[in-house]
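Q: This is the structure I want to talk about, given as structure tokens.
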Amino acid sequence: MKTWHFQSLPSIVSSSVAAGPFEKNSPYADYFDTFFEDLYMEEKSFEKAQRKLLETSVQGTLQKAGMSGQQVDCMIAGDLINQITPSNIAARTLGIPYLGVFSACASSMEGLALAGALVDAGYSEAMLTGVSSHNAATEKQFRYPTEYGGQKPPTAQWTVTAAGSVLVTGNTADSLAHIEKATIGRVQDINVTDPFNMGAAMSLAAADTIERHFNQTGESARDYDLIITGDLAAIGHAAVKDILNKKQIHLSADQFLDCGKMIYQGLDEVQAGGSGPACSAAMVYGYFLKLLKEGTVNKVLVVATGALLSPLTFQQKESIPCIAHAVSLIKPQKEGR
Amino acid sequence: MKKMMLTAISILFLTGCAAFEQTGPVHVKIHDSENGTVKEVAQRIEDTKELYDSVVVAADSTLVVSYKVKHMNRFQMKSIEKKMKSWLTEKYPEKEIVLSSDYKIFMELYAFSDKWQTGELNEQEAMDEIEKIIKLKKEMT
Amino acid sequence: MLPMFFWAFIVGGLICVIGQLMMDVLKMTPAHTLSTLVVSGAILEAFGLYEPLIDFAGAGATVPITSFGNALLHGAMQEAEKHGVIGVMTGMFEVTSSGISAAIIFGFIGALIFKPKA
Amino acid sequence: MANQWVTQSKAAADAHELKRPVLKNCVKAFLVGGLICTIGQLVTLLLILYFPFTEQTAGNPTVAIMVFFSMLLTGFGLYQKLGQFAGAGSAVPVTGFGNAVVSAAIEHRSEGLVLGVGGNIFKLAGSVIVFGVLSAFFIALIKTVLLQLGVI
């Protein structure tokens, strides 16, 4: 499949990030909008808390745009929990027409790419897209009960408790950024079976998508101020750089960033780094959109990565299939188009 | 319990004790008839190099023996017990023999001999106490 | 009694090190590790080795999960001596029941009074 | 061509893999595991000294009391932290078994008492019971038959 070129340059007009208590320690906490004091967020279960995160984030986004839910054509959302129920139930609360998506942690960019495409094609005028993840709910589903004293290896990643969402509309001058292109990833599998080593498993998926994006657009690393991967964390990020070098794509250290490495920088208990769909969403919708808006950077490529496993597949000794979706964003163009 | 004539004598050899354990040798003698038995058993335990600290209580129908096993020999505790038991059964076939290296049994037996020595118990009470200790010992799990 | 504390520490600690090596070197999950240790406890007792270890190390051998396998086998063998082959089945939980019932009871009570903190 | 990248990527990922600090983990497991067993020994001693338990019979109540401690630590969210530090040191003692049961029970409380707690309480610890019982059954069976045949 070819890279999608959004001729009309749809605009991201507002964004909002809601995060949990632990994320307050993030060096980028200043860029998140709402914080909850405890993991339950006044709800009875972690799953319900995750739904509340998404609702809070979406309402924040609407509020900033000065819009009501009725004015939005459609919401695209996804998460990691069984049958993406937190997203489904949040959609019920919000009452906005809804498309559920699943690309694991790459759901954030899948949603953004689709929102951009639907707006660009003229099917929609205003699209909401967001993702959520909750550390305890994810642990419960994929690993062990939260209070179980299992030892995590240093390759493990810490699921981010947060939700991030954006409102995408047709091109307007008053925007945070424009969606320029999107490359949909292929599922790649390098035969990693350890669910505590997902960063490594996702490395080829990320490298492949980046390579295809460059090949199909005729662009190179030099065209981008930043290339930001989703949640590869320490191991995966280093591996991607090696793979890209072999593919003759050379990225400099300050150009090639990873949300999973950044979001918990300096925090020991997270092992290799952050993960979860909200990891890339919080960093991109919170931090990097600000950089684009301010004009600190002109053009970035966000490559969200996802490990498409379930507890069932890895117990059946299936290796972990992975995917990465890339969306390029450019800073607001004053003159519009 | 059937009324019986009771003779009980305890001899204690106590060496190398932890802080909370009672110390000091105690000799209790009521009737002379079992004196030989007690001395013999106690001597045998003293001669066994794996063992230390012993309490021997002998009535004319019952012989209760408790001792401690040196820690590094505790692996062979069960076989030592077996050897001791067969020696005792052979030597005193007419007696019910109760043998234990259990710390709790040792303590109870020690407390009993203490009480017996100070004359707190009459023969019947003493026999009841011994029965209680034997019952405790026979509990398996 | 004092040497007992020392050996409980050493033996208990060593059993845990074996578990750690199974997890780190053989990359076994906690569930695999613990199941293997339980089976090892039963096998050791089959050769009459676990009871002496308990005599020697006390809680150092009864507290690790290996003692669970030992206790199951112990109960089964005890009943088997009395009732033959049928006893193998009936005696199984005779010795171990306290650990399992305690876990069920305290697990349930825990569920009533606590919430996951994470 | 695709295959070549799979192997190359795997190699690249392996090259950057963070090694588990095995020695450090073992030392921590030894210390914490040893300490838990020493506490167990203390409980045993207190039971012998102040209650009518012998060395033989004190094992069971000791296990129950250790599981009780484990429930408290699990409920207050401390056992999970201990587990990350100590690894097998806190997983292998019976307190780890207790933690597995209690954490699963607490976790699934939100799905109700019967289906949630009742249905999931042995989610993690179940395999330990299953394999313990299975191995004990077959070993005891073989041993009993051999004893009756007079082989051993």
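Q: Is it the case that B:Glu81 is more than 15 Å from B:Ile45 (Cβ to Cβ), at pLDDT 85 or above and in a helix (DSSP H, G or I)?
A: Considered against the rule, which asks whether it is more than 15 Å from B:Ile45 (Cβ to Cβ), at pLDDT 85 or above and in a helix (DSSP H, G or I), B:Glu81 comes out as no.
Q: Anything in the range D:111-149 that is closer than 17 Å to A:Arg143 by Cβ and among the polar types (S, T, N, Q)? List them, or say none.
A: D:Asn120, D:Ser127
Q: Continuing with this model, one more query. Please indicate, with yes or no, whether at least one residue in the range A:182-189 is outside the structural domain of A:Cys105 (by TED's automatic domain parsing), in contact (Cβ under 8 Å) with a residue 40 or more places away in the chain, open to solvent by 20 Å² or more (accessible area, probe 1.4 Å) and in a strand (DSSP E or B).
A: yes
Q: Same structure, new question: Name every residue in the range A:22-61 that is part of a helix (DSSP H, G or I) and within 14 Å of chain D (Cβ to nearest Cβ), in order of residue number.
A: Residues satisfying the conditions are A:Phe22, A:Phe46, A:Glu47, A:Lys48, A:Ala49, A:Gln50, A:Arg51.
Q: In the set D:Val92, D:Val102, D:Val145, which member is in contact (Cβ under 8 Å) with a residue 40 or more places away in the chain and among the hydrophobic types (A, V, I, L, M, F, W, C)?
A: D:Val92
Q: Of the residues in the range A:125-151, how many are away from chain D (no Cβ under 14 Å) and surrounded by fewer than 23 Cβ atoms within 10 Å (Cβ to Cβ)? Quick ask: steps written out before the conclusion?
A: We begin by selecting, within the range A:125-151, every residue away from chain D (no Cβ under 14 Å); these are A:125-133.
Next cut, surrounded by fewer than 23 Cβ atoms within 10 Å (Cβ to Cβ) only: A:125-126.
Count: 2.
Q: Kindly establish whether A:Leu204 is within 8 Å of chain D (Cβ to nearest Cβ) and within 19 Å of the chain's Cα centre (by Cα).
A: Spelling it out, A:Leu204 is indeed within 8 Å of chain D (Cβ to nearest Cβ) and within 19 Å of the chain's Cα centre (by Cα).
Q: Looking only at the range A:1-27, filter to residues that are within 19 Å of the chain's Cα centre (by Cα) and charged (D, E, K, R); which one of those is surrounded by the fewest Cβ atoms within 10 Å (Cβ to Cβ)?
A: That would be A:Lys24.
Q: With the requirement that a residue be within 14 Å of C:Ile104 (Cα to Cα) and either in contact with a Leu (Cβ under 6 Å, 6 or more places away or on another chain) or at the interface with another protein chain (Cβ under 7 Å from one of its Cβ atoms) (or both), what does the range D:53-73 give you?
A: Result: D:Val63, D:Ala64, D:Met66, D:Val67, D:Phe68, D:Met71.
Q: Moving on to the next point. Would a scan of the range A:190-199 turn up a residue that is in a helix (DSSP H, G or I), within 14 Å of chain D (Cβ to nearest Cβ) and within 30 Å of A:Glu318 (Cβ to Cβ)?
A: yes
Q: Can you give me the number of residues within the range D:102-148 that are under 26 Å from C:Glu94 (Cβ atoms), within 14 Å of chain A (Cβ to nearest Cβ), surrounded by 20 or more Cβ atoms within 10 Å (Cβ to Cβ) and in contact with a Ser or Thr (Cβ under 8 Å, 6 or more places away or on another chain)?
A: Selection size over the range D:102-148: 3.
Q: Another question about this same structure. Looking at (1) at pLDDT below 95; (2) more than 18 Å from D:Phe122 (Cβ to Cβ), can you tell me which one C:Ser98 breaks?
A: (2)
Q: Residues that are among the polar types (S, T, N, Q), at least 2 per element: which strands (runs of 3 or more DSSP E) completely within the range A:267-337 meet that?
A: none
Q: (1) in a loop (DSSP other than H, G, I, E, B); (2) at pLDDT below 95; (3) open to solvent by 10 Å² or more (accessible area, probe 1.4 Å); (4) within 11 Å of chain D (Cβ to nearest Cβ): which one isn't true of A:Ala173, the others all being true?
A: (4)
Q: Count, please, the residues in the range C:59-99 that happen to be closer than 13 Å to D:Thr95 by Cα and more than 7 Å from every other protein chain (Cβ to nearest Cβ).
A: 2
Q: Among the residues of the range A:247-254, is there at least one that is assigned to a helix (DSSP H, G or I) and open to solvent by 10 Å² or more (accessible area, probe 1.4 Å)?
A: no
Q: For residues that are under 17 Å from C:Val25 (Cα atoms), more than 8 Å from chain C (Cβ to nearest Cβ) and part of a helix (DSSP H, G or I), tally how many sit in the range D:8-27.
A: As a first pass, look at the range D:8-27 and keep what is under 17 Å from C:Val25 (Cα atoms): D:14, D:17-27.
Okay, now just the ones that are also more than 8 Å from chain C (Cβ to nearest Cβ), so D:14, D:17-19, D:21, D:23-24, D:27.
Next, from what is left, pick out any that are part of a helix (DSSP H, G or I): D:14, D:23-24, D:27.
The total comes to 4.
The values are calculated or read from the model by the stated rules, or taken from the named source; none is laboratory data. Note that the structure is a prediction, hence the values are computed from the model and not measured. Cβ: placed from backbone, ideal geometry, glycine included. Neighbour counts: every protein chain shown. Ligands, DNA and RNA are stripped out before the accessible areas are found, and what is left, the full protein with its side chains, is counted by its heavy atoms. Shrake-Rupley method; radii C 1.70, N 1.55, O 1.52, S 1.80 Å.
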